[in-house]
Amino acid sequence: MSQAPGAQPNLPSVYHERQRLELCAVHALNNVLQQQLFSQEAADEICKRPLSQLALPQVLGLILNLPSPMSLGLLSLPVRRRHWVALRQVDGIYYNLDSKLRAPEVLGDEDGVRAFLAAALAQGLCEVLLVVTKEVEEKGCWLQTD
């Protein structure tokens, strides 16, 4: 028995969400889990909740991917690019180590870095990567359990 050109023989049913708007993280989660478990609202809520639960002393640093305006001299262009920014604690003080700054910007204590993160997340289209040691990652102790 022959198959039509391009037909695939008895492949398993694979769940696959296609890109819609800018929800690629939601689609990636659902595709990995092979079912629609996450909505944009659920993913947004998860992103907001770990912010207060982050065990910052366990985190070596944070890397944020933020929208970054483009300008030509004094003229601001209607184009948005992405920019990576590092946050790190040094001797008990958190700093914004954005490479576009002339010098590190003091964020202060844990409250200061949490306020900075909350403001960045409120802008939308922000991604946050945690930098932790292998031990912290394996134990999962970068989140407070209480």
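The values are calculated or read from the model by the stated rules, or taken from the named source; none is laboratory data. Nothing here was measured: the structure is a model prediction, and the numbers come from that model. Cβ: placed from backbone, ideal geometry, glycine included. Neighbour counts: every protein chain shown. Just the protein is used for accessible areas: all its heavy atoms, side chains included, with ligands, DNA and RNA removed. Shrake-Rupley method; radii C 1.70, N 1.55, O 1.52, S 1.80 Å.
Can you name the residue in segment 21-37 that is assigned to a loop (DSSP other than H, G, I, E, B) and at pLDDT 75 or above and, of all such residues, is nearest to residue 118 (Cα to Cα)? Among them, the one singled out is 37. Evaluate segment 107-121: report whether one residue or more is at pLDDT 90 or above and within 13 Å of the chain's Cα centre (by Cα). Yes; the residues of segment 107-121 include at least one that is at pLDDT 90 or above and within 13 Å of the chain's Cα centre (by Cα).
For every residue, the table says whether it meets (1) modelled with pLDDT of 85 or more; (2) part of a helix (DSSP H, G or I); (3) among the hydrophobic types (A, V, I, L, M, F, W, C); (4) touching a Ser or Thr at 6+ places or on another chain (Cβ under 8 Å).
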{"site": "45", "(1), (2), (3), (4)": "no, yes, no, no"}
{"site": "50", "(1), (2), (3), (4)": "no, yes, no, no"}
{"site": "62", "(1), (2), (3), (4)": "yes, no, yes, no"}
{"site": "69", "(1), (2), (3), (4)": "no, no, no, yes"}
{"site": "80", "(1), (2), (3), (4)": "no, no, no, yes"}
{"site": "87", "(1), (2), (3), (4)": "yes, no, yes, no"}
{"site": "94", "(1), (2), (3), (4)": "yes, no, no, no"}
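Would segment 100-119 turn up any residue that is open to solvent by less than 70 Å² (accessible area, probe 1.4 Å), in a strand (DSSP E or B) and not aliphatic (A, V, I, L, M)?
yes
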